[in-house]
Amino acid sequence: MINYSIFLIMLDFILKILFIFLWASAFVAAKLGLNDAGPFSMLAIRFFIVSFIFASIVIIFKTKWPKMKDIPNIIFVGVLLHGFYLGGVFFAISKGTSAGLSSLIVSVHPILTCFLAVILVKEKITIEKWIGIFLGFFGMIIVIWPRLGGELPLIGFISCCVALTAISFGTVIQKRYLEHMEILGGNTIQAISAAIFFALALNFTEPFKFNLTIDLFISMSWLILMVSIGAISILMLLISRGKMSSTASLFFLAPPVSAILGYFIFKEELNTFGIIGFIITCTGVWLVNREVKKY
């Protein structure tokens, strides 16, 4: 019995470490692929493939589709979480924003989510959480302010803020209206919604660009298999094991991991001042998310 308990603890630890790495690696993989593809072109192809994979799984294993009354919210959340969130991040990186900074800015979404929770669902925020909010924004400013116009172009910062807002609203709507959504079926509909969103976006924002080089093939394979399927599956597994509160805090370990990966792979700057900002921000968001309540 003791050995089995130790096994479960070890398994939980390994899954969390793997999830952190995979989630953080998405920002680096995106930068690798964006050398040979437009941001929306890349995302359109990615989500058409992901939609096909998820739909095939639902059909083969005969899992349930969501209820009809939930579909409008599922589509809306899919457009927010995949469309505006990922679209904003990919667009920012395509304009020269580093993988680490992109990850850092959008990872503050639970801080904004706290404000939305207070306004929209009257959630009470403890003093500890308000301290975390202050630390999170303070740390982000330390990292971002010296880089505006340089490593962090203004258009990249604005794009990341759009992504940050989208994932925050999407999170609140998902928790409030789709808490009991059929995961596989819901993910399929959200992926299809994102694919259509990016296909439409291509007509207004950029000419289709998808030059299938080795780098782009590696990037797309990693994003589809390891992130869209692997990381999301691990996340669902951790949540199903009753690890919701601890799982939420894992998102905020992604920025430093992304920065480290960006440093080794792309030689992105990682100075002492930036590291201090990362630590302060991660401390803040950890305080905010140490106990996650259902909205």
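Please specify each residue of the range 264-282 satisfying the condition of being in a helix (DSSP H, G or I) and surrounded by 16 or more Cβ atoms within 10 Å (Cβ to Cβ).
Taking the range 264-282 first, the residues in a helix (DSSP H, G or I) are 264-266, 272-282.
GLY274, GLY277, PHE278, ILE280, THR281, CYS282 - these are the residues of the range 264-282 that are in a helix (DSSP H, G or I) and surrounded by 16 or more Cβ atoms within 10 Å (Cβ to Cβ).
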**Report entry** Filtered residues of the range 122-132 (kept if modelled with pLDDT under 75 and outside any loop (DSSP other than H, G, I, E, B))
**Finding:** LYS129
Report summary line: Of the listed residues (GLY96, GLY149, GLY156), the one being at positive phi and modelled with pLDDT of 80 or more is GLY96
Report summary line: Conditions (1) assigned to a helix (DSSP H, G or I); (2) within 19 Å of the chain's Cα centre (by Cα); (3) closer than 23 Å to THR63 by Cβ -> GLU179 fails only (1)
Report summary line: All-but-one check, SER94 against (1) among the hydroxyl-bearing types (Ser, Thr, Tyr); (2) over 26 Å from CYS282 (Cα atoms); (3) open to solvent by 10 Å² or more (accessible area, probe 1.4 Å), failing number (2)
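If I filter the range 99-109 down to residues being part of a helix (DSSP H, G or I) and open to solvent by less than 10 Å² (accessible area, probe 1.4 Å), which single residue comes out as modelled with the lowest pLDDT? Give the steps one after another, and end with the answer.
Of all residues in the range 99-109, those part of a helix (DSSP H, G or I) come to 99-106, 109.
Cutting the leftovers down to open to solvent by less than 10 Å² (accessible area, probe 1.4 Å) gives us 99-106.
On the way: ALA99: 74, GLY100: 71, LEU101: 78, SER102: 82, SER103: 77, LEU104: 77, ILE105: 83, VAL106: 84.
Top of the filtered list is GLY100.
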Query raised in the report: How many residues, within the range 58-91, are under 30 Å from LYS209 (Cβ atoms) and over 22 Å from the mean Cα position of the chain (by Cα)?
Result: 0
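Listed here are the residues, each with its yes/no results for (1) modelled with pLDDT of 75 or more; (2) more than 29 Å from GLY96 (Cβ to Cβ); (3) touching a Leu at 6+ places or on another chain (Cβ under 9 Å).
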residue: ASN211; (1), (2), (3): yes, no, no
residue: ASP215; (1), (2), (3): yes, no, yes
residue: SER219; (1), (2), (3): yes, no, yes
residue: MET244; (1), (2), (3): no, yes, yes
residue: PHE251; (1), (2), (3): no, no, no
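For the range 188-231, which positions are among the hydroxyl-bearing types (Ser, Thr, Tyr) and surrounded by fewer than 17 Cβ atoms within 10 Å (Cβ to Cβ)?
Residues of the range 188-231 among the hydroxyl-bearing types (Ser, Thr, Tyr): 188, 193, 205, 213, 219, 221, 228.
Those that are among the hydroxyl-bearing types (Ser, Thr, Tyr) and surrounded by fewer than 17 Cβ atoms within 10 Å (Cβ to Cβ): THR205, THR213, SER221.
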Report summary line: Restricting the range 185-217 to residues that are out of contact with any helix residue (DSSP H, G or I) (no Cβ under 8 Å at 6 or more places or on another chain) and part of a helix (DSSP H, G or I), the one nearest to TRP65 (Cα to Cα) turns out to be ILE196
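Results for (1) assigned to a helix (DSSP H, G or I); (2) surrounded by 15 or more Cβ atoms within 10 Å (Cβ to Cβ), shown as yes or no for each residue.
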| residue | (1), (2) |
| --- | --- |
| ILE14 | yes, no |
| SER25 | yes, yes |
| PHE40 | yes, yes |
| ARG46 | yes, yes |
| THR63 | no, no |
| ASN73 | yes, yes |
| VAL79 | yes, yes |
| LEU86 | yes, yes |
Query raised in the report: Here are some conditions: (1) surrounded by fewer than 24 Cβ atoms within 10 Å (Cβ to Cβ); (2) in a helix (DSSP H, G or I). ASN35 meets all but one. Which one does it not meet?
Result: (2)
Query raised in the report: Here are some conditions: (1) closer than 16 Å to SER228 by Cβ; (2) open to solvent by 40 Å² or more (accessible area, probe 1.4 Å); (3) touching a residue at least 40 places away in the same chain (Cβ under 8 Å). PHE52 meets all but one. Which one does it not meet?
Result: (3)
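The values are calculated or read from the model by the stated rules, or taken from the named source; none is laboratory data. Being a predicted model, the structure only gives us computed values, none of them experimental. Neighbour counts are summed over all protein chains in view; Cβ atoms, including those assigned to glycine, are modelled from backbone coordinates with ideal geometry. When the accessible area is computed, the model is the full protein with side chains, heavy atoms only, and any ligands, DNA or RNA have been set aside. Shrake-Rupley method; radii C 1.70, N 1.55, O 1.52, S 1.80 Å.
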